[in-house]
C-alpha cells in the first residue's frame, strides 16, 4: 500500500484516542508519514467519536474520503460508517454487536437510525443487516472478538480480566497491524513511547500475544517504509502553544472553551521550562482573559490569550481597547461551528469577517491564518512579533480541525524564527516627567514604554486621547490619532514579507484561493488536477495586494463556511469576481476526494456558482 | 529616585468633576497616601474603569491607565502579575465594579493579587445622568430616577468578604485624612485590599448627602473593633471574627461604620504562582524572555 487510511471508532472516553495515537506512532516507527484527524461530540463519555490515521510516503496533511480499514469498537460505529470504507477495504468488528439492532443503539442520532430503517426497508434493522450491506459494497468483514481476546490473553498471562480489558486499545491496534502483515517491532517501540513500567510490560506482552495468533492474510499488506529519526508527531494546538513559547510568550490567559483549551493546558503543563516560564492564568471569563493579557502586555510581557467563537465574541471590546491604547495583544482564535454555541467540537472557518471587522469602531489589526501544523508553530511566533512591532491586536486564526489534528513532521520544520523590530523607548537617565506615549511617528508606531519604565510615567485611556494619553474630543487630535493608528496597517502591509502574506503554489487558468486549513487538502488535490492553480492566503488583514495575480483567471474559493467569506473579501479588496464558491459548513473537514470532485466539476464547466460539500460522519 | 514633594504627584490636568464631588477628596487622599509612603511614581500604576471616578488616573503623576467599563480589575491584575514589583491601585465606581464588573470583582477575591482596589460608591451612574447604581437600596428614589428603584442593593463589604478579599475597609470621601490612612494601610497590606468609599454625589444623589452621612458615620476602631485575623486562628476564634465582621458590614441606617473591617493573612496569588514558576519573583513575565528556549527539550515528548 502506498496510501492507507485506518479508522477507529467507539464511545468517547473509551480510549480510542489512545488507540489512534498508538497506531500512528507504530506506523511512524515503521517509517511512514502520518496525519491523524479527530471527530468527537461535545460530551465527556459515551457519545460516538472516531479518528482517522492516514499514512503516506511523504508528509501528509489531508484526509481521503474513504478509509481502507475500519476498527469498530462498538455497534454504533458499524451503524454510522456504512459507506465510509472503500470497496476492497476491511472492517474489524466484535461479532457480539451483531445481536444489536439500530434502534437499540442509545447514542445513535434518531435521524441516522431513521435513515437506516428506510434504507433497509425495516422498522429496526439489525447490525447483521448492516454488515451484509458492508459486504455487498465490497468490504471484507473481519470478526474479531476484542473482549474475548483480552480475556484469553489475560488468562494466558495470569492477569485479571479487568486489567486485561484495559489493553483493548492495544489489542485493536495490534490486531489491525497483524492483519496488515506489519511487523511487531515498531508497535512495541510505539508502546514504549506511550506507556511506562508495568503497564508497558503488560501492553507489550498483549501485543506479542495478538501477533502469535494465526490470522488470514489480507489482499493488501503494509510494509516498513524505512525509519528515519528526527521526526515529531504533534497536534495543531500543541504546535501553536510551542510557537508561542518560541515567540517569547511569558503570560497567557484563558477561559475554558473547546477547542481552544488544549493550547493553554499544554502551556500550563510546561511552565517553568528552560526559557519558557509562562504565567498561565485561568480567568473568570473571556472578557477578563483578554483584558488581563492586555494589562500584562503593558508591562512589557509578551502576552496572549486563546479562545473559540463564543469567547472571541466576548473579547471584541477588549480587542478594541488594545487597538485604542496601542497595546500589543495576540488572540489565537480556534474557530468552531457557529453561530452561538453552534458545533463546539466541529470545525468551521466562519469567523474570518468577524476577526477582521468584529468590534465597534475602527482600529488597525493584523489577521493571519494557519494552514497546517508547521504553519501554526511559525505563525504563533509571527503573531507575537507583529503584535509587538505594531503595538496592536494580532488575531491568529486556526480552527478545530487543525487544533485536534496531529501530523508527523521533520523536527527541522519547527524553527525558532528571529523576528525583531520592536520600537522601544530608552528610559531617561536623568530628570523625571511624563513620557509622550503617543509621540508622532511616520509609520504610526510610537516607541513602546512598558509600565514601570524609570524616569517617568504616562497615561492611557480607552477614550480618544492626545499625545500624552489624556482624554480629548478635539477634532484635530481625533483625526491625528485615528490616522496615526491606522497608518500602522500600511506599515505592516509594506514590511511583512510577501511569503508571509500569501503563497502561489501553482498558477493556472483556474485559480483556487484558500485560507487556513483547506491548505493541505488543496495542495494534495493539485496533484490530481493539472492546469489548476492554488493561491494560499496567509495574511488576511491587511489584505495582500493580489489583484494582479487574479487577472483573467477563473477564480474559485474553497472554505469551511456558509457564505464564502473569503470570496466576499477577495471581491471587495481586488474588485475581481470570484466565479465559484466551494463551501462546507456541516462541521466536518473537506476531504481530498470531495475537493477533487468539486474542482473537476468546475473544470468541466458544470459547477454552479455556489457548490456545497456535504460529506461526513 | 528624586526627592518628591506632594505636589509632584499632582498632574497638571484639571479634574472636570462637578463642584463638591466626593471624587476630589478621594483623589487628594490617594495623592497624599502615595506621597507619604514615598511610592516611586514610575513604579506605580493607577488603573481605572469608566465613569466619573475613572478619570482619577489623569490627575495623578504616576502611570495611569483608564481602561474599560467594568474591566479595571482584570487589567490591573494582569499588570501586577506580569510585574509584581509595581505598586498597583485600581479605582472605579459602584456601577463599574458591582454592576458591569461584578464577575471580575468576585473572581479577584479568589486570587488575592497584592494590590488595592478603591470603589467609589455614590449609588448612581453619574456620567450617564444619575441612573440607579447597584448599591442604591430597593424602593429608593434619587432625584433623577423617574420611579423608585425596583432592584435591591448589593452590600459591597459582604460581597468582598464572600469572595475572599483579605483586607476590607470602608472610608468616607469627605474624611480625607481618615481616607488617606486607610489607603496607606490598604497599600501596605499583602494581598488584595478592598476599600469601599462612601462618596456623596451632589448632582444626582439627593438621598445620601453629606448632611445625611455626617451624623450616622462612626469609626469602628474608636469602638475597639479589631479586624486582624492572624494566620492559624483557632476555628472558634475565626467564627467569632466572622460574626463580628458580618454584623458590622451589615450595619446601615442610623449608624454606619467606617474603618478596617477585616485584615487576614492569606498567601497572595503571586506566592501561589511561585509554586509552579519557581523563578517567578526574579524572572517575572515583564522582563521578557531571559534565555533561549530549549525547544529541543520540549520536543522530546513528541519525538517518534
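Worth pointing out:
- Pairs with Cβ under 6 Å, 6+ apart, first in the range B:181-193 and farther than 19 Å from residue B:163 by Cβ, second assigned to a helix (DSSP H, G or I): B:183/B:29; B:183/B:30; B:183/B:33; B:184/B:33
- Candidates B:204, B:225, B:172, filtered to the one that is over 14 Å from the mean Cα position of the chain (by Cα) and touching a residue at least 60 places away in the same chain (Cβ under 8 Å): B:204
- Some residue of the range B:258-278 being at the interface with chain A (Cβ under 8 Å from one of its Cβ atoms), within 30 Å of residue A:328 (Cα to Cα), at pLDDT below 95 and outside any helix (DSSP H, G or I): yes
- Complete set of residues in the range A:282-306 that are under 21 Å from residue A:258 (Cβ atoms) and more than 7 Å from chain B (Cβ to nearest Cβ): A:282, A:286, A:289, A:290, A:304, A:305, A:306
- From the options A:261, A:253, residue that is away from chain B (no Cβ under 14 Å), closer than 30 Å to residue A:305 by Cβ, modelled with pLDDT of 95 or more and in contact with a strand residue (DSSP E or B) (Cβ under 8 Å, 6 or more places away or on another chain): A:261
- Restricting the range B:114-140 to residues that are surrounded by fewer than 23 Cβ atoms within 10 Å (Cβ to Cβ) and touching a strand residue (DSSP E or B) at 6+ places or on another chain (Cβ under 6 Å), the residue that is modelled with the highest pLDDT: B:131
- Matching option when the condition is in contact with a strand residue (DSSP E or B) (Cβ under 7 Å, 6 or more places away or on another chain), within 14 Å of chain A (Cβ to nearest Cβ) and surrounded by 11 or more Cβ atoms within 10 Å (Cβ to Cβ), among B:303, B:249: B:303
- All of A:267, A:218 fail the test of being touching a residue at least 12 places away in the same chain (Cβ under 8 Å), over 19 Å from the mean Cα position of the chain (by Cα) and on the phi < 0 side of the Ramachandran plot, apart from A:218.
- Total residues in the range A:465-509, condition surrounded by fewer than 16 Cβ atoms within 10 Å (Cβ to Cβ), within 20 Å of residue A:357 (Cβ to Cβ) and within 29 Å of the chain's Cα centre (by Cα): 0
- Considering (1) modelled with pLDDT of 95 or more; (2) surrounded by fewer than 24 Cβ atoms within 10 Å (Cβ to Cβ), the lone condition that residue B:93 does not fulfil carries the number (2).
- Checked against the criterion of being within 34 Å of the chain's Cα centre (by Cα) and surrounded by 16 or more Cβ atoms within 10 Å (Cβ to Cβ), the range A:117-126 has no qualifying residue.
- Test for residue A:276: is it at pLDDT below 95 and closer than 24 Å to residue B:85 by Cβ: yes
- Some residue of the range B:69-92 being under 22 Å from residue A:294 (Cβ atoms), touching a strand residue (DSSP E or B) at 6+ places or on another chain (Cβ under 9 Å) and away from chain A (no Cβ under 14 Å): no
- Criterion: touching a helix residue (DSSP H, G or I) at 6+ places or on another chain (Cβ under 6 Å) and more than 14 Å from every other protein chain (Cβ to nearest Cβ) - qualifying residue of A:421, A:452, A:508: A:421
- From the list A:414, A:419, the lone residue that is under 19 Å from the mean Cα position of the chain (by Cα) and either in contact (Cβ under 8 Å) with a residue 12 or more places away in the chain or surrounded by 24 or more Cβ atoms within 10 Å (Cβ to Cβ) (or both) is A:414.
- Residue count, the range B:56-68 (criterion: more than 7 Å from chain A (Cβ to nearest Cβ) and under 15 Å from the mean Cα position of the chain (by Cα)): 1
- Of all residues in the range A:39-55, those satisfying the criterion of being surrounded by fewer than 21 Cβ atoms within 10 Å (Cβ to Cβ) and either out of contact with any strand residue (DSSP E or B) (no Cβ under 6 Å at 6 or more places or on another chain) or outside any loop (DSSP other than H, G, I, E, B) (or both) are A:41, A:42, A:43, A:44, A:45, A:47.
- Residue in the range A:349-372 that is on the phi > 0 side of the Ramachandran plot and crowded, with 22+ Cβ neighbours inside 10 Å present: no
- The number of residues in the range A:455-480 being within 12 Å of another protein chain (Cβ to nearest Cβ) and at pLDDT 95 or above comes to 16.
- Scanning the range A:264-279 for residues that are away from every other protein chain (no Cβ under 12 Å) and crowded, with 18+ Cβ neighbours inside 10 Å returns a single hit, A:264.
- Residue B:212 being in contact (Cβ under 8 Å) with a residue 40 or more places away in the chain and either over 30 Å from residue B:128 (Cα atoms) or assigned to a helix (DSSP H, G or I) (or both): no
- Scanning the range A:307-355 for residues that are in a helix (DSSP H, G or I), in contact with a strand residue (DSSP E or B) (Cβ under 7 Å, 6 or more places away or on another chain) and either within 14 Å of chain B (Cβ to nearest Cβ) or over 26 Å from residue A:235 (Cβ atoms) (or both) yields a total of 5.
- The range B:17-37 residues that are at pLDDT below 95, paired with ones that are surrounded by fewer than 18 Cβ atoms within 10 Å (Cβ to Cβ) (beta carbon under 6 Å, 6 or more apart): B:20/B:202
- Filter result (more than 13 Å from every other protein chain (Cβ to nearest Cβ), within 20 Å of residue A:52 (Cα to Cα) and surrounded by fewer than 21 Cβ atoms within 10 Å (Cβ to Cβ)) within the range A:219-246: A:220, A:221, A:223, A:224
- Meets criteria (in a loop (DSSP other than H, G, I, E, B) and under 17 Å from residue A:393 (Cα atoms)) for residue A:454: no
- Total residues in the range A:592-616, condition assigned to a loop (DSSP other than H, G, I, E, B) and either modelled with pLDDT under 95 or in contact with a helix residue (DSSP H, G or I) (Cβ under 7 Å, 6 or more places away or on another chain) (or both): 3
- Meets criteria (within 7 Å of another protein chain (Cβ to nearest Cβ), surrounded by 19 or more Cβ atoms within 10 Å (Cβ to Cβ) and farther than 30 Å from residue B:197 by Cβ) for residue B:293: yes
- When residues in the range A:429-441 are screened for being without any contact (Cβ under 8 Å) to a residue 40 or more places away in the chain, in a loop (DSSP other than H, G, I, E, B) and either more than 14 Å from chain B (Cβ to nearest Cβ) or out of contact with any helix residue (DSSP H, G or I) (no Cβ under 9 Å at 6 or more places or on another chain) (or both), 6 of them pass.
The values are calculated or read from the model by the stated rules, or taken from the named source; none is laboratory data. Owing to the predicted nature of the structure, the values given are computational and were not obtained by experimental measurement. Methodologically, a virtual Cβ is constructed for each residue, glycine included, from the backbone with ideal geometry; neighbour enumeration extends over all protein chains shown.
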